[in-house]
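As structure tokens, the structure follows; a few thoughts come after it.
The values are calculated or read from the model by the stated rules, or taken from the named source; none is laboratory data. Nothing here was measured: the structure is a model prediction, and the numbers come from that model. Don't worry about glycine lacking a Cβ; one is built from the backbone with ideal geometry, like all the others, and counts go over all protein chains shown. Note: accessible area is taken over every heavy atom of the protein model, side chains too, but ligands, DNA and RNA are not part of it. Shrake-Rupley method; radii C 1.70, N 1.55, O 1.52, S 1.80 Å.
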Amino acid sequence: QVQLVESGGGLVQPGESLRLSCAASGIIFDFTTMAWYRQAPGKQRELVAAITSSENLNYADSVKGRFTISRDNAKKTVYLQMNSLKAEDTAVYYCNAKLSFKSYWGQGTQVTVSS
């Protein structure tokens, strides 16, 4: 059974940083494309960043230069370092794993950016 457990969300002020973590189990992590999505109230879920098994990266234009996705295969964990946070980054952030045409989701972690 695949499980994705996110952590690291919280309330921060504009300009501050947060690091999200997603620990995976029940999956061959080394071959899995990992990604972070987010969903703000009243909006569709959107891709924030993705990292393939060969560490090819993809970022949404809105976070380029501020967010960094990385992975630690030994720990089966993917990270999202978020710097220079803005109010518009407020959302529930979801971890996603894709392998063999299947997609798995974590439960989400809330990130709120407010002064």
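The residues of the chain expose on average 54 square angstrom of accessible surface per residue, using a 1.4 Å probe on protein heavy atoms. Out of every Cα-Cα pair that the chain contains, those further apart than 17 angstrom amount to 50 percent. The label-point distance for residue 75 and residue 13, in a model that sets each label 7 Å from Cα toward Cβ, rounds to 2.8 nm. Per-atom-type breakdown for the range 5-115 gives carbon and sulfur 50% of the accessible area (1.4 Å probe, protein chains only). Label positions at residue 5 and residue 110, each projected 7 Å from the Cα along the C-beta direction, are separated by 2.1 nm. Structure remark: mean-square fluctuation, Gaussian network model of the chain, C-alpha springs under 10 Å; the largest value among 93, 104, 59 belongs to 104.
Under 18 Å from the 7 Å Cα→Cβ point of residue 86, by amide nitrogen: which residues of the range 1-18? Answer for this model: 12-18.
Sparsely packed loop sites in the range 1-84 (the GluC sites (Glu not before Pro) outside DSSP H, G, I, E and B with at most 15 other Cβ atoms within 10 Å) comprise 16, 55. Fully extending the segment from residue 64 to residue 28, taken as 0.36 nm per residue of separation minus the present Cα-Cα distance, adds 10.1 nm.
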